[in-house]
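Worksheet for the structure shown next.
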Amino acid sequence: MKREIHGWWSPRLEKNMEIVVYGHWGKPLLMFPTAGADFLEYERFQLIDAIAPYIEAGKIKVFSINSINNESWLNNSMMPHHKALRHMTYNYYVTDEVVPFIHTNCGGLQPIMLTGASLGALHAANIFFRSPNLFAGTIPMSGYYDLKSYTKGYYDENVYFNSPVDYLSNLGDENLLNQMRHGKRIIIATGQGEYEAPQGSINLSNILRSKGIPHELEIWGHDMPHDWPTWRKMLPYFISKL
């Protein structure tokens, strides 16, 4: 499997950010790490191995980026206002820097799918719903889509606009909603095993349904915990359905 590591000084984040690319060609899949992990996490935990047949067959080309969660909601030494600003800046890093890199790397404009597990699922969902014109869809796994669960009671405009259950509930912009309704693939997946919180996925699904946004809600069994064996089974299955 072809594997390349790239990086650049991010003007948005004001730090070096790496990205690893797997495969020669195929539909681009952008992956967000869990919690405070890095761009190689999915490789270390064999999720890349699990989807390798699709990479090697040229079905997908995978891009995995760093998180900055340790510089926002997981950093207990930061002021909440600064955490929220850092989270918002990460969104712009993805849309303004990573997306153009993917298009260049793929040789032109390509419909990009997003995915991630745990806290990465929140990013994969949030960035899609904020900018559906830039993406083909999203596959968030084992996520919780109320950012307030991470903010320890803090709430401001930046929290609101990064908490999908909040802003989607109130969204009335038909142009934006129609971008989500047509030609997109949204698969919300969760297990019901240890440490999973399926109600978070159910809540997001109910909001999407109320807005007429087509999607798939996949609730797997009680033998599916919030852990890597679950995601190594989920992601290849969902890629096979694309």
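The values are calculated or read from the model by the stated rules, or taken from the named source; none is laboratory data. All values reported here derive from a predicted model rather than from experimental measurement. A quick note on method: Cβ atoms are made from the backbone with ideal geometry, for glycine too, and the neighbour counts reach across all protein chains shown.
Any residue in the range 44-56 that is outside any loop (DSSP other than H, G, I, E, B) and of a type in the set (Asp, Glu)?
yes
Looking at Ala124, Ala136 in this structure, which one is touching a Gly at 6+ places or on another chain (Cβ under 7 Å) and of a type in the set (Gly, Ala, Ser)?
Ala124
In the range 19-75, what residues are surrounded by fewer than 16 Cβ atoms within 10 Å (Cβ to Cβ), of a type in the set (Gly, Ala, Ser) and modelled with pLDDT of 95 or more?
Across the range 19-75, the qualifying residues are Ala57, Gly58.
Mind listing just one residue for me: the one in the range 140-179 that is among the charged types (D, E, K, R) and closer than 10 Å to Ala84 by Cβ and, of those, surrounded by the most Cβ atoms within 10 Å (Cβ to Cβ)?
Taking the candidates together, the pick is Asp156.
The conditions are (1) at pLDDT below 95; (2) in contact with a helix residue (DSSP H, G or I) (Cβ under 7 Å, 6 or more places away or on another chain), and Ile188 fails exactly one of them. Which is it?
Looking at each condition in turn, Ile188 falls short on (1).
Hey, can you tell me all the residues within the range 52-81 that are aliphatic (A, V, I, L, M) and either over 19 Å from the mean Cα position of the chain (by Cα) or closer than 24 Å to Val99 by Cα (or both)?
Ala52, Ile55, Ala57, Ile60, Val62, Ile65, Ile68, Met78, Met79
Check off (1) within 18 Å of the chain's Cα centre (by Cα); (2) of a type outside the set (Val, Ile, Thr); (3) not in a helix (DSSP H, G or I) for Gln192 and give me the number that stays unchecked.
The one condition Gln192 does not meet is (1).
Applying the selection to the range 217-237, what residues are crowded, with 19+ Cβ neighbours inside 10 Å and either of a type in the set (A, V, I, L, M) or touching a Lys or Arg at 6+ places or on another chain (Cβ under 9 Å) (or both)?
Within the range 217-237, Trp220, Met224, Met234, Leu235 qualify.
Could you grab the pairs with beta carbons closer than 6 Å, sequence gap of 6+ or different chains, first residue in the range 55-78 and touching a residue at least 12 places away in the same chain (Cβ under 8 Å), second one aromatic (Phe, Trp, Tyr) and buried (at least 23 other Cβ atoms within 10 Å of the Cβ)?
Going by the 6 Å Cβ cut-off, the qualifying pairs are Ile55/Tyr22; Val62/Tyr22; Ser64/Tyr42; Ile68/Tyr90.
Could you look through the range 166-224, keep only residues that are among the basic types (Lys, Arg) and without any contact (Cβ under 8 Å) to a residue 40 or more places away in the chain, and pick out the one that is nearest to Phe128 (Cα to Cα)?
Looking at the filtered set, the residue picked out is Arg181.
From Leu85, Leu30, grab the single residue that is in contact (Cβ under 8 Å) with a residue 60 or more places away in the chain and within 22 Å of Ile139 (Cβ to Cβ).
Leu30
Applying the selection to the range 100-113, what residues are more than 13 Å from the chain's Cα centre (by Cα) and within 20 Å of Gly137 (Cβ to Cβ)?
Pro100, Phe101, Ile102, His103, Asn105, Cys106, Gly108, Leu109, Gln110, Pro111
In the range 137-149, is there at least one residue being within 28 Å of His103 (Cβ to Cβ), of a type in the set (Val, Ile, Thr) and not in a loop (DSSP other than H, G, I, E, B)?
Checked the range 137-149: at least one residue is within 28 Å of His103 (Cβ to Cβ), of a type in the set (Val, Ile, Thr) and not in a loop (DSSP other than H, G, I, E, B).
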